[in-house]
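The values are calculated or read from the model by the stated rules, or taken from the named source; none is laboratory data. These figures come from a predicted structure and were not determined experimentally. Cβ sites come from the backbone with ideal geometry, for glycine too, and all protein chains shown count toward neighbours.
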Amino acid sequence: MKLVQATAFIGFNNEVPLHLSMLRTLYRQLTGSTLDCPRYGSHWEDIGFQGSDPSTDLRGVGLLGLVHALYLVVTPEMFPFAQDVYHLSRQESQEFPLMVLSLNITRITLHVLRDGLLNRYMTLEDDVWTTVNFFYCALLYHVYNIWKSQHKTISNSGFVLQEAEIFGRANVGMVIKNFERFLNINYSVAAKQAAREQIHKYAKGKGRVRHS
C-alpha cells in the first residue's frame, strides 16, 4: 500500500526514458497512432490533457495517474472499455477531457486507499496493485455510465465527480461488482482477444519513434 501511495509523489521526469514511454504508450493505445508522438504539442489534447505538456496535469497524483491510465489501455480485459470511454470523450455532444477525468478518478482512488476503504478487498485479492487498479477502473466506469446514460456535458463534470467520490467511498463493493457485471455482459472473449492482439501489435511495432 505504501508503494502505491509513494508512486503518487513521483513526478514526471524528462530524463527518465520510461516516463516518456508510458506517455507515448497511452497516446498510441487510445488513438491507434502508428508513430510515437513528440514530447510537447497540442496532440496531447486529443486524449484529454489540458495543454501541450501532460506533465503539468500529473502534478496532483504523480506517476500514479499514468500507471492507472496505462493499466486501462494495456490490460486486455480493460482495453475495450478504455476504447468506449475514449470514444465517448470525443463525441461532440458529450465531449470531455479524458485524461483530466482519469486523473481525478486516480485522486479519488488514492483517498479511498489512504482511508482504509480498500483494505478488505486487498486482503481478499492478496494483491494491492490489482485491487487499486481495478477500483480505479470501476470508479471510472461509474462516472462513464452516469455521463453516457444521463447525457452529461462538461458543465456537469464537477457535480458528477463529487457524486462519484461520495458514492465510491460509501459503496466500494457495489462499485466493483457493477463494473465486473458490466465487463461480463458487454465484452466477449473475442473482444478481449482482439484487444490482446492489438496490445501485442503495439509492443512489436514499438521503436518507430518520431522525435520532438
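Say we look at the range 160-192 and pick out the residues that are among the polar types (S, T, N, Q) and surrounded by 11 or more Cβ atoms within 10 Å (Cβ to Cβ); which of these is nearest to ILE105 (Cα to Cα)? Looking at the filtered set, the residue picked out is GLN162.
Please find, within the range 173-212, the residue that is farthest from THR131 (Cα to Cα) out of those that are of a type in the set (D, E, K, R) and at pLDDT 75 or above. Walk me through it before giving the result.
At the first step, the residues of the range 173-212 found to be of a type in the set (D, E, K, R) are 177, 180-181, 192, 196-197, 201, 204, 206, 208, 210.
From the residues that got through so far, the ones that are at pLDDT 75 or above too are 177, 180-181, 192, 196-197.
Values: LYS177: 13, GLU180: 13, ARG181: 16, LYS192: 20, ARG196: 21, GLU197: 25 Å.
That would be GLU197.
Checking ARG39, ARG59 one by one, the residue that is assigned to a loop (DSSP other than H, G, I, E, B) and not aromatic (Phe, Trp, Tyr) is ARG39 and no other. Checked across the range 22-32, the condition of being under 18 Å from the mean Cα position of the chain (by Cα), surrounded by fewer than 22 Cβ atoms within 10 Å (Cβ to Cβ), free of Cβ contacts under 8 Å to residues at least 40 places away in the same chain and not in a helix (DSSP H, G or I) holds for at least one residue. Restricting the range 131-172 to residues that are of a type in the set (Val, Ile, Thr) and at pLDDT below 95, which is farthest from LEU64 (Cα to Cα)? So, considering only residues that are of a type in the set (Val, Ile, Thr) and at pLDDT below 95, the one farthest from LEU64 (Cα to Cα) is THR153.
Report yes if some residue within the range 62-79 is out of contact with any Pro (no Cβ under 6 Å at 6 or more places or on another chain) and at positive phi; otherwise report no. Yes, the range 62-79 contains at least one residue that is out of contact with any Pro (no Cβ under 6 Å at 6 or more places or on another chain) and at positive phi.
Restricting VAL85, VAL112, VAL132 to residues that are touching a helix residue (DSSP H, G or I) at 6+ places or on another chain (Cβ under 7 Å), surrounded by 17 or more Cβ atoms within 10 Å (Cβ to Cβ), closer than 17 Å to GLU163 by Cα and not basic (Lys, Arg) narrows the list to VAL112.
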